[in-house]
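K.L.:
Structure in structure tokens, see below.
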Amino acid sequence: MCVEFRPAPPDTGIVFFRSDAASGRRIPALVRYRVEVPRRTSLREGGVRVDMVEHILAALAGLQIDNCEIWVDSPEMPGCDGSSQPFVAALDAVGSVTQHVPRQQLTVRRTLRVGDQRCWVEARPASHAGLTAECHIDYGPTGPIQRQSLVLAVTPESFRRELATARTFVLEEEAAWMRRQGLGARVTCRDLLVFDDSGPIDNPLRFPDECVRHKTLDLIGDLALAGYDLSGHFVAHCSGHRLNAELVAHLLAKVAQDGLARSA
């Protein structure tokens, strides 16, 4: 499996290109192309899909790279070590350039929430320009993952330092279910964090709160499906890919409907 990042002209946005598909297939990284697949973000256009794109999207959004074609030769993106760091390292190795066309921005003007009392995600007006991500996770008082919270003003520097290396995590019973569904058949406990009752199995944590850091990374990747530079305070409480994408879709609908946010 090969992933190749290619420069793109202004206003291209982020686009996946499946070079192995008949005549190739372009799949824009926009929420309207998202399809529901458990525990991952997947996109589909014309019957051709790209799966597990969230860590690539997080790397690009975290580094504030907004025009890029991603050429791939397989439907599933490589999991690598379960983080965005391999993609960040590849992008940093070649660098980026400033283009002379401003990117469209979307600024949150009023609070919008999706979800229920247990699991929700919302967009709030921010006190300063830029994107602030706030995540809270709570797997209950008896589980191996403690309640964790993180608030981060997202910049390329803070993304590299605080989020890029945070890895995917699952509970042992979730990993077993995924294998029964044919997902992650080649993945081992060394490729991501699998928690049993006593903690991560055969894999030390990179941060004491690595789990909430990864959830924040996922949130940033999913918010990239808006196709805008976002300015606002985004708060996720026990959320996941489906709810994150639902917020993006509702936010864009509100923009079109009544000017919840300003785009320029």
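The values are calculated or read from the model by the stated rules, or taken from the named source; none is laboratory data. Computed from a prediction, not measured in an experiment: that's the story for all the values here. All Cβ positions, glycine included, derive from the backbone under ideal geometry; neighbour counts span all protein chains shown. Accessible surface is based on the protein model in full, side chains and every heavy atom, while ligands, DNA and RNA are left aside. Shrake-Rupley method; radii C 1.70, N 1.55, O 1.52, S 1.80 Å.
K.L.:
What ranking do 107-116, 134-143, 234-243 get when scored by the average of other Cβ atoms within 10 Å per residue, highest first?
P.N.:
Working: 107-116: 16.4, 134-143: 14.8, 234-243: 21.5.
With the highest mean Cβ count within 10 Å placed first, the list reads 234-243, 107-116, 134-143.
K.L.:
Over the Cα atoms of region 103-180, what radius of gyration and what Dmax do you get, in Å?
P.N.:
16.2, 46
K.L.:
Ignoring ligands, DNA and RNA, what accessible area per residue does the chain give at 1.4 Å, in Å²?
P.N.:
Here the residues of the chain average 48 Å² of exposed surface.
K.L.:
Once neighbouring chains are kept in place and the probe is 1.4 Å, which whole percent of the accessible area of region 1-121 is contributed by carbon and sulfur? Before the final figure, lay out the partial values.
P.N.:
Numbers: 2940 of 6100 Å².
Percent of accessible area from carbon and sulfur atoms in region 1-121: 48.
K.L.:
Let me ask you something else. Relative contact order for the chain: what is it in percent, counting Cα pairs under 8 Å that are at least 6 residues apart?
P.N.:
Numbers: 527 pairs, mean separation 68.0, N = 264.
It comes to 26 percent, rounded to a whole number.
K.L.:
I've got another one for you. Quick one: if you take sqrt(5λ) for each eigenvalue of the C-alpha gyration tensor of region 43-129, what semi-axes come out, biggest first, whole angstrom?
P.N.:
Over the Cα atoms of region 43-129, the ellipsoid semi-axes are 27, 21, 15 Å.
K.L.:
Work out, step by step, the length gained on full extension between GLU36 and GLN117: first 0.36 nm times the residue separation, then minus their alpha carbon distance; give nm to one decimal.
P.N.:
27.0 nm
K.L.:
Hey, with R₀ at 35 Å, roughly what FRET efficiency would GLU172 and ALA249 work out to, going by the Cβ-Cβ distance, to 0.05?
P.N.:
The value I calculate is 0.60.
K.L.:
While we're here: Before anything else, pin down the relative contact order of region 100-177: Cα pairs under 8 Å, at least 6 apart, normalised by residue count, whole percent.
P.N.:
17 percent
K.L.:
Sort MET77, MET52, MET1 from largest to smallest accessible area, using a 1.4 Å probe on the heavy atoms of the protein chains.
P.N.:
The ranking, largest first, comes out as MET1, MET52, MET77.
K.L.:
Mind listing P(r) for region 35-76? All alpha-carbon pairs, 5 Å bins, whole percents.
P.N.:
Once binned at 5 Å, the Cα pair distances of region 35-76 give 5, 20, 29, 25, 17, 4, 0.
K.L.:
Ok, one more. Would you be so kind as to identify which of GLN104, PHE16, GLN148 lies farthest towards the positive end of the dipole of the chain, taking Lys and Arg as +1 and Asp and Glu as -1 on Cβ and the Cα centre as origin?
P.N.:
Of GLN104, PHE16, GLN148, it is GLN104.
K.L.:
Per-residue accessible area for GLU173 at 1.4 Å probe radius, Å² rounded to 10?
P.N.:
120 Å²
K.L.:
Also: Per residue of the chain, what 222 nm ellipticity follows from adding -39500 (n - 2.57) for every DSSP H run with n ≥ 4, rounded to the nearest 500? Kindly include the intermediate steps, with their values, before the conclusion.
P.N.:
Numbers: 5 runs with 60 residues, N = 264.
Result for the chain: -7000 deg cm²/dmol, rounded to the nearest 500.
K.L.:
Please work out the ratio of the alpha-carbon Rg of the chain to 2.2 N^0.38 Å and round it to two decimals.
P.N.:
Values: Rg = 17.8 Å, N = 264, 2.2 N^0.38 = 18.3 Å.
Relative to the rule-of-thumb radius for its length, the chain sits at 0.97.
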